[in-house]
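Participant: The structure is given below, and queries will be raised subsequently.
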Amino acid sequence: MNIAYQWLKVRAMTWLVFGRARQAEAVFDEMLRRWPGDAYALASRSHVRAQAGRRDEAIADQQALIAAHPDRSAADWFNLAYLFEEAGRLDEAESAFRRAIAQDAKLDRAWYGLGLVLIRLQRPDEAVAALKQNTKLQPMSPYGWYQLARVQFDRREPEEARKIIRHLKGFEPKVAAQLERETGLVA
């Protein structure tokens, strides 16, 4: 890009470094006036708006980013899915998580997010599959394991939940103890 673009980008980053999100947002607005559909400005403004609690505006920016650059990054789809989930728009979140996974099947956080959405949609069998993929990709993170154990317990699969609790005792004993308290299962 040209020097004007780079200058605006540096200004926005500087405002962000100093915690001046509104000023940074104004710079992103200027960038989008000059270069409509710019991926960096849309993604950045979406992030700033999400952090400010302006979820609907953040979603609109993220949707504009996806519309202009649908195959740019699995992370773009993940971010949109996350915003949808946060807004309780679960069907849209599921679709966006699946698009993220289609672009990058190793995006462990998308599998985790998909699992959480499927739990909320009361589709536990599909949630188990998504969470198993998450734990395969991120075996040392307790979050996927915790959710997987909870789903297995809720599905009346106590032995599967016990296996997970035993596994967690090896590297996350506090999470394992929490699951034992919550489920009444002892590994």
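Participant: If we keep just the residues of segment 135-171 that are part of a helix (DSSP H, G or I) and of a type in the set (K, R), which is nearest to F84 (Cα to Cα)?
Facilitator: Out of the qualifying residues, it is R150.
Participant: A further question on this structure: Kindly check whether there is at least one residue in segment 28-37 that is basic (K, R) and closer than 17 Å to E86 by Cβ.
Facilitator: No, segment 28-37 contains no residue that is basic (K, R) and closer than 17 Å to E86 by Cβ.
Participant: State which residue pairs qualify: first residue surrounded by 15 or more Cβ atoms within 10 Å (Cβ to Cβ) and inside segment 150-163, second residue among the aromatic types (F, W, Y) in any location, beta carbons under 7 Å apart, and separation of 6 or more residues or different chains.
Facilitator: Close Cβ pairs (under 7 Å, with a partner that is among the aromatic types (F, W, Y)) amount to A161/F153.
Participant: Follow-up. Under 7 Å between Cβ atoms, which residue pairs at least 6 apart in sequence (or on different chains) link something in segment 113-134 that is in a helix (DSSP H, G or I) with a partner that is charged (D, E, K, R) and loosely packed, with under 15 Cβ neighbours inside 10 Å?
Facilitator: Listed by first residue and then by second, the contacts come to P124/D154; P124/R155.
Participant: Given the criterion surrounded by fewer than 15 Cβ atoms within 10 Å (Cβ to Cβ), of a type outside the set (S, T, Y) and either out of contact with any Ser or Thr (no Cβ under 8 Å at 6 or more places or on another chain) or assigned to a helix (DSSP H, G or I) (or both), identify the matching residue among A105, A41, A75, A60.
Facilitator: Every option except A105 fails the conditions.
Participant: Output the qualifying pairs, or none if there are none: Cβ atoms under 7 angstrom, residues six or more apart or on different chains, first residue in segment 29-57 and without any contact (Cβ under 8 Å) to a residue 24 or more places away in the chain, second residue of a type in the set (D, E, K, R) and not in a helix (DSSP H, G or I).
Facilitator: Close Cβ pairs satisfying both conditions: L32/D38.
Throughout, read-outs are computed from the coordinates displayed, never taken from laboratory work. Note that the coordinates shown come from a computational prediction; the quantities given were computed from them, not determined experimentally. A quick note on method: Cβ atoms are made from the backbone with ideal geometry, for glycine too, and the neighbour counts reach across all protein chains shown.
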